Structure formats: structure tokens, C-alpha cells
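What follows is a set of notes on a single structure, which appears directly below.
Computed from the coordinates by the stated procedures, all read-outs in this text should not be read as laboratory data. Quantities reported herein were computed from a predicted structural model and do not represent experimental measurements. When we count neighbours, we look across all protein chains shown, and the Cβ atoms used for this are built from the backbone with ideal geometry, even at glycine.
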4 protein chains.
Amino acid sequence: MPDPLAPARHDLAVANRVVSYEGIIDAFGHVSMRHPTRPDRYLISRSRSPEVVEASDIYEFTLDSEPVTPLPPGIRPYGELVIHGEIYKARPDVHAVAHHHNMAFLPFCNSGEELLPLYHMGAQIGEKVPFWDSRDEFGDTNLLVLKPEEGRSLAKALGPYWLVLMRRHGATVAAKNLTELVFRAIYSTRNAELQLMCKAQGAALSPLTPGEAKMAWDRNLQPRPQARAWEYWSVRLKKAGEYPAGAPKKASKKATKRAAHKAAKPAAKRRAGKKRR
Amino acid sequence: MPDPLAPARHDLAVANRVVSYEGIIDAFGHVSMRHPTRPDRYLISRSRSPEVVEASDIYEFTLDSEPVTPLPPGIRPYGELVIHGEIYKARPDVHAVAHHHNMAFLPFCNSGEELLPLYHMGAQIGEKVPFWDSRDEFGDTNLLVLKPEEGRSLAKALGPYWLVLMRRHGATVAAKNLTELVFRAIYSTRNAELQLMCKAQGAALSPLTPGEAKMAWDRNLQPRPQARAWEYWSVRLKKAGEYPAGAPKKASKKATKRAAHKAAKPAAKRRAGKKRR
Amino acid sequence: MPDPLAPARHDLAVANRVVSYEGIIDAFGHVSMRHPTRPDRYLISRSRSPEVVEASDIYEFTLDSEPVTPLPPGIRPYGELVIHGEIYKARPDVHAVAHHHNMAFLPFCNSGEELLPLYHMGAQIGEKVPFWDSRDEFGDTNLLVLKPEEGRSLAKALGPYWLVLMRRHGATVAAKNLTELVFRAIYSTRNAELQLMCKAQGAALSPLTPGEAKMAWDRNLQPRPQARAWEYWSVRLKKAGEYPAGAPKKASKKATKRAAHKAAKPAAKRRAGKKRR
Amino acid sequence: MPDPLAPARHDLAVANRVVSYEGIIDAFGHVSMRHPTRPDRYLISRSRSPEVVEASDIYEFTLDSEPVTPLPPGIRPYGELVIHGEIYKARPDVHAVAHHHNMAFLPFCNSGEELLPLYHMGAQIGEKVPFWDSRDEFGDTNLLVLKPEEGRSLAKALGPYWLVLMRRHGATVAAKNLTELVFRAIYSTRNAELQLMCKAQGAALSPLTPGEAKMAWDRNLQPRPQARAWEYWSVRLKKAGEYPAGAPKKASKKATKRAAHKAAKPAAKRRAGKKRR
């Protein structure tokens, strides 16, 4: 019997590889997606670096971050699963989550300086980027988000937004689907890099107006730019020999299209992805 | 019947790949050239990242940015075609255009700080680098250049120069031919990087004099340095397996030479490219 | 008769390659480990860049940095062996040492600015990062650590800590095992990069509290994150064709696991590494 | 009849490739060596980017920068040959010269800020790094060094030193042999990068004392570190498929050793390179 989750597993493995290959995540960090048909579950790799995740590494978890079926002997989950579970619980509109420690965000995580949208692609940081400080509720910790109450506290700090910076730790990004997640992870990193460059340049920051930010956000998330980015990342993975192995050939094609096109847009607006290479 | 545009298509695909491989353009941005025999048309890829453009992706457009023949089903043009069409309309001396969001320019796009030529290769930014601010005429937008009037406004801001910075968005670069375009795209980026480094170093900028800038510009655009750069980029693409596939073998050789040598110089000054490797 | 040191040699060659591939060490610098069963000896490559070290390049030295058996004709040791020997002598708890000149540390080596733990992974710099200045005891030298008394002076400056910055020269890092050494070498470099970025950003540094630093240090060194990092580095080496040749197949597998799991934790807490991939 | 210059040609091609692969030179810049037996000649590639230079591209020139035999049809020399010829003329102790525009030096070329040795490897910049400003004698030019009098002026500015910075243009580095040249080109770049990082960090520079600089310079140029660096660069080229093709097998081996070992040291001190690898 074919695995009905095979397309989702493959998409999630691709997303893991893309954020690694594009330099957003190193040995640590993790990427998840909500279960495609059961919103009370999510999919995430066992504890491995995203760069080496295969579709077969991906397991199902409840929103309480318990494995749906017991993990095989020797298979261990990530330590910070509650980041994912508690955000999916608090935010029914979120279907994909990534947590990472990209260097571009760390100066902001350290200083608490506010991130601002500084160019059209940077509008993907969202209307506001809140901070979460583990010290506020939990005092001295190892900085990780390990306990359910820590996950809930982080989800609360995220609020209705799409990116939260964790003081002295890293960033957690959320999205409506996997393509949008990778897109936001990459372009929010570019925007953070830009803000650092602007600071070094020494001029005053000139952020987008709220109106510009909203319109640029909408535009970036239309099917055409989303599909174009997904194709670009996929081809780069393939050229580098980094595309995940064992992809279910037919299913994966459809899955790729679905992931690329499943933006919050009427189906009528979707392009005939089939014609694309 | 062989495609008379095959050499041009191939050259344009190579130019797309070079600006990608050399790190000027990422998933977004686009590169076009004026039709080699019909100045009322231009060639540009369908909506794909420059890194994956093939000769077969390239279509003909009128200067009003309408496809000369209807695009096949499922084939979509770039959203910002008017950047290209309106510049070709306003500037008969321009034969190649690239639009990108390279990080080195974005701090200038954000702050409005003027770019200056800081070393001989940086003279390729041209006599002056004007700014265009979408807010001036259009108020809040998604920052993209989508409407004909936006393209016309940008072309007007470019004026008689060769590089225009778009506030909170990116850069558009123009040239007399494809080699010059790639050359300017790359070395204007280097000059922007240098200006940022100089600012971080904290000393006063010491730009070229107008006389130096003019002479360095002329020298850089002579056939020898242009051909040397084109060979360097081509070989790097080939070594990396990034050279566009399906190049018409004979036509492409000639085309490469033409692209490399077609500087605004008397034919007598052109070197016997044939002897080169 | 199989070489009982084969697994250790292989592990050490892998560690050499990882610190090279991950950009910590260039042509110069060196990595050693204490002999697995004779604490009065250590293993280190003959004088070669870590990027090209093979298991067969590794020789045994006494803690006085003399070869246990005479080196073959034409084989030369590193010039700065006493860095390793004198630290192993002074610190029985140290089982692995690396010396390097990574650019991220050099501004601190030059200015004497104190390194602080600025995110959870940065806690791997340890409680304090002392400085050693060759001028204090030795006046003008070539900056290298060549004489036993120079090595002893450096070991004394290191004191009970795990990382020492050498003024106008580089860094020396120590650890309880090879995995921890590579981990500390990489994440202390990330923390130094972050501190430079924070300085450029211009805000006050917000370091971890001592309690946070201690808990983050402990967490990072648990078997799960250590094994995850080792797998990540190994796979990256293999994909790049950089994994050391001639590894004793069976021994090497066991050795890898041992290296990855041999953290200062009760055996009961160790994961069944065998199940991994 | 075998080409007596084959080993030298091969060494020079390797040096060209190394400075390219290690990121010192891009499309422009050039590397030469004095003729091994006729000090009144030098060897340099025809006008090609160092990254693509083959042994067969290398021609002989007099110190007046005239080809010893007429160049074949279609073969063109570099435009700035006089940089090389005039330095060889003025400095009999110089046997290798490179000219480049590495980004790390350009802020210094722009501002005129003095380069200082900031760590032991940085001692390779030499006792002093003079500046040359084309404006002083020649007023407005295209910044290039094209005329014999410009080359002579640059050689005069270099004086008895080993590195000269050319205002708003780039750097020219000299050495006693090819290995030393590559070594100096790479580590002077690292030192320039470090100085920029120190400036960004905001602390006062703490350079080596003259005594330290002299001793570190001597140490770096001993046969062991020179050979170690040459092996490192060569292996990296080979792994990357960048090692120049068509090397005369036996000659090249000897040549490599010669290049690696030919430091200004008594032969008795030279190591049996043959035993290496």
C-alpha cells in the first residue's frame, strides 16, 4: 500500500534541504509542517541536521509533541519539539514552522534592536517581529525551548505574527505552507543582513511604510513568485546533488506543484505548473 | 529552418547564467537584450530565475512589453517587463538591461547615499547614479515596477546614465551590449561593496576625478578587457556545469565572439578572437 | 597484526578534515588527541595542513613532544608541538587540542577585547577566555610557540579554562574528546563572529548570565547534540569527497560512534548509535 | 626536443591558478616570474584571466616588456606588462611579481590608511607598505600602469619593500620566488582583512613590534612552512579540478619541489620533499 504521506514527507525533506543549502540553518535547527489532512498532527524529522534529512526520517507527532506511534528503538526526536507543537496549537492558520540560529538574526537577538522591513522582499518579516526572552518567565535556563510551558510562552510571544526572535538564542518563523516558510526564512534573513549593513553604513533606516509592506507581502506570496522561487531552490539542490533521495517519483511531482502553488489564492489564479519543466 | 535568433538566445542565456553564477542575481531579477535586427523588440526569458534560464525560455516582446506572438499556454512573462520595454523605448543607445536586488546596493537604496567611483573598475557605474523613488509619483505601492507609467518614470529617472538605484527595492543597469551589461553589473556591485567597506573603515571617500572616471570607463570597455572577462565568466560556467544546454554549436561560437567583441570600437581594433582557445 | 591505534588515527584525521572543511583552519594550525590508552602520549599529524591529513600521517609523541619512535627520514613534525604537549601535561582532563588562526578571533587577539558568550551555542567558549601575550615573558619573538617554556607559559595562561587567545597570533582550544573539540572550535568561532557583528551594530553586548552559560554548556555537550553535529560534519565531508581515505572499515565505524558518544555522561544515557543511518 | 622552460611554465601556471582559487585575483590581475636562467627576461601569460592560464599560454619578455620572439597572430599581451618589467629591472632580488585588485586592499588604496602587521602571518606585508598615486606624476589617467614611465614610477614607489598599494587601483606584490609570492599575496590579503575587522571593532590597532615582524617574516619564509603551504594549495587545486592541464609529468614534480623549496636558505636545510606524500 502506498504511503499517503509520501508526498508530504518528500516536500518536507526538500524544505529541510533548501534551508540548509541556502545557508539559513547549519547543524542545528529544524523544520516542520502540519499534517496535510489531520490538523491535530504535525510532521518533523527525527533528530538530524536538516541538511541530511530524508523523507524516511519524518515522523508524525500530536500537537502535544508526542509521537503518534512509538518511535522505533534508537530513534530520538528533536529536543525542542514544543516550539512546533505549541505554535500549531495556538495558531490554526500556521501550517509550517522553522527554528534556526542564523547569524544574521543573532545580533538582533542579542541587542533587542527591532527588525524593520527595509526592501520589498524584506516585507516577508511581517507587520512586526516580536521578541521572546526566556528570562522573563523562566529566569536562568539553558536557553532552549524544552518544556511545554516554554513552548506556550514562545507561541504567545509570536502572537498573530510570523517571525519571533528569541533573545540570545535564535529565530522561529511560521507560514501558511512550506514554500512560504522557506521563502520567509530566506528573505527575512536577507532583510536582517541588510539592516546590519545599513547600521554599518551609518545612515538612518528608511523602512517601508505599513501600506508598502502590506502590498509587497501580498505580492511576494502570489503563486508566480512562489513557484519561481521553489523551482530555483529545487534546481539548485539537484545540481548540487542535495535533492533528497527516494522521492516517490509521481507523487513527488504533484507534491512539488502543490507545495509551490498552494498559496492562499483562488485556484483560478493558479498557473499551469505542468508546463514548467 | 534554423532559428535566426539562436545565437542571440544563446548569448542571453549565457548572460543570465553569468550574473547568477557570479552572485549578482538570486532567485529574482531578470536580464534582457534588444532584438539584434529589430530595434523595436527585445528578448527576455519567460518568468524563471536567471540561474535556470535556457535559450528555449527566451521570447520576443515589443517595446510596449507585449509578446510578439502569444505565449504558449502555461508560459508566463516576468511581472516587471516594463522596466525593460520602457528603457529600450527611451534610450535607443541601450541594447541590454538587467534588474536585480544585489545586497551590496540595498543599503544605498535604503539610505539614498550617493554611489561614487572608488577604483578604476568602479568607473563602470558611470558619470552619475541617479535614484528613483516609487513614492514620488505613485505613493504607497508594492515597490515593484508593474505598470507602463511606472516603467516610464523609472526610465526617466535613469536619464542618460547607465545605472539607477530604486529606493527600497534594487538596481537596474543598462549597457550597449550584453558583455558590457554583465561587466557593469559585476563591477558596479564590487564598487558598491567597496563603498560600504570604506564607510566601515571610517575614512573620507576619495573618488576618481571626472577625468579619471571617463578614461577608466573607456579603457574597461575596450575589446581586450571585455573579451578577457567574457572568457573568464564562460570558462567558470563551463567548469561548474552551469553553461546553458542546447547551444547551437557553430552559431554559438560566432555569437560568443560577437557578444564579446561588439564594443563601440572600430572593427579594425578587434582582436582575432578565433585564436583564443 | 592490525594497528590498535587505527580507530584513533582515523578519528583524528576526520577531526582535522572537519575543522578545515568548516572553515576554522586554513593551511596552518593543527589538531591533536591524547593517546586513547596511554595518557602520557598524544597523537598528531606530521607537518601537513589539516585539510590533507590522512590517518597514516599521524604519529605518537610523548608529553615532552618527542616522537615515541624516531620519525622516518623526511618526515617532519609541526614546529609548535609544545602547545599540545604542555597542555596535556598541565591538564589531565584535556584529551584533545587544536591551534588555529581563524580570522574571527584575530581582532580580539589584536585588541585584547574580552570574548563573551552571546548566544546559547557561544557558551562553548567556557566560563572565561584568558589571553596569553608572548611579550609578557619572552619579549620580542616570532610569535610562535616553539620552546617548552613557551608552551608551559601558554598552558599556564589557559589555566582551568578551554580556550585561550594568543595576542597577535591565534587561538588554542581544548576539550575532553575530539567531538567536543571540533564542536568548541566551530561554535566559539561563531560566537566571535557574532561579537564582531554586535560591535558593528553598535548596541551594548548582552551576554549570557553565568547560570545560563553553565546550563547551555552542559546541554550542548550531551550525547544527542554531539552525535548530531558529528553526523552532520561527517556527511558533509563525504559529500564533498573530503572524508579521509584508507579508513579501517569496521574499526572506523566503531571509532566514529565512540568519538561521537564519548561525552562525560553515564553510558546508560548514550543512545544506540547503531540505529542511526 | 623537450622545452627547458616547461617546469617554469608549469610552476607559473600553478601559481596563477592558486591565487585565483584562493580568491586573491578575479578576472583581472596577472602573475609573472623572472626567467630561471636569464635574469634579463621574465615569463608571463598572454592576456587571460589567471584562473584559466595554462603552461602553453606563457611567453618570454625582455625587461623592457617586449616579447622575446614575436607573439603569434591573435595572441595579445597584458596591457600592464611594464609593472612586471620595470620592477624586475629595478630590483634584481625580485624573482616573482603579482598585480591584483583584491577587495581587502581597496579601502586602503582609497583612503591611504597605512597597512600594519597585525598578526604573525601578517608580517608578510614587509617592513613597510608604501603607496603609489598615479596623480602625483601623471595627473588624470585611466589609473592603469601602461607606459614605461608609469611602470618606473611604480617601481620607484615600491623601493626596497615587497608590497605597494596603488591609490584607487589595487596592489602589486613582489617576492624572491613563486611560492613566497603566493604566500605573500594570500597572507597580506588576510592581514588587510584583519585590519578592516579591527577598525570595525573600534579598538586601537596593536601591531607587531619591528623585532617581532622581522622574526615572524623570517620564520614564515623557512622551507617547512613554505612547502606546507604549497602542498596545501596544490592539493586544493587538484581536488577542485583546477590544476593546470598538460603538465610535463616528471619535470613538473621536480619543478613543484623546486618552487616549494627554493627559499633563500642553505640547501642543507632543505627537507627531502620526495618523502612527502
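Below is a table of values for the structure above.
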read-out	value
DSSP bridge pairs, chain A: antiparallel proportion in percent, nearest 5	90 percent
Most mobile of D:His95, D:His30, D:His120 in a GNM of chain D (Cα contacts under 10 Å)	D:His120
Lys, Arg +1 and Asp, Glu -1 on Cβ, resulting dipole of the stretch C:17-135 about Cα centre, debye, nearest 20	240 debye
Cα-based shape type of chain D, given that a ≥ b ≥ c are square roots of the gyration tensor eigenvalues and the cut on a/c is 1.5	oblate
Shape call, the stretch B:1-90: gyration tensor on alpha carbons, a/c limit 1.5	rounded
Inter-copy separations for A:Gly159, label at 7 Å along Cα-Cβ, nm, ascending	4.5, 4.5, 6.3
Sum of -39500 (n - 2.57) over DSSP H runs of 4+, divided by residues of chain C (222 nm, nearest 500)	-13000 deg cm²/dmol
Closest Cβ on chain A to the rotation axis that carries it onto C (distance rounded to whole Å)	A:Ala200, 4
Shape of the protein assembly as shown, Cα gyration tensor, a/c cut at 1.5	oblate
Distance (nanometres) between label positions extended 7 Å along Cα→Cβ at B:Lys214 and C:Asp64	7.7 nm
For A:Pro4, inter-copy label distances in nm, listed shortest first [label point 7 Å out on the Cα-Cβ vector]	5.9, 5.9, 8.3
Residue of A:Leu144, A:Leu178, A:Leu154 that the Gaussian network model of chain A assigns the largest fluctuation, springs spanning Cα pairs under 10 Å	A:Leu144
Shortest-first distances to equivalent copies, position C:Lys238, nm, label 7 Å out along Cβ	2.5, 2.5, 3.5
Inter-site label distance for B:Lys238 and D:Leu205 at 7 Å from Cα along Cβ, in nm	4.3 nm
For chain B, built as a Gaussian network whose Cα springs stay under 10 Å, the top-fluctuating residue of B:Val182, B:Val235, B:Val18	B:Val235
Cβ-defined net charge surrounding B:Phe138, 10 Å radius [Lys, Arg +1; Asp, Glu -1]	-4
FRET efficiency, 1/(1 + (r/R0)^6) with R0 22 Å, evaluated for B:Gln222 and B:Asp93 via beta carbons	0.75
Inter-label distance, nm, simple model (7 Å from Cα along the C-beta direction), C:Asp3/A:Lys147	5.0 nm
Summed side-chain charge close to A:Glu242 - residues other than A:Glu242 whose Cβ falls under 12 Å, Lys, Arg +1, Asp, Glu -1	+3
FRET E, pair C:Arg135, C:Leu71, Förster distance 25 Å, beta-carbon r, rounded to 0.05	0.15
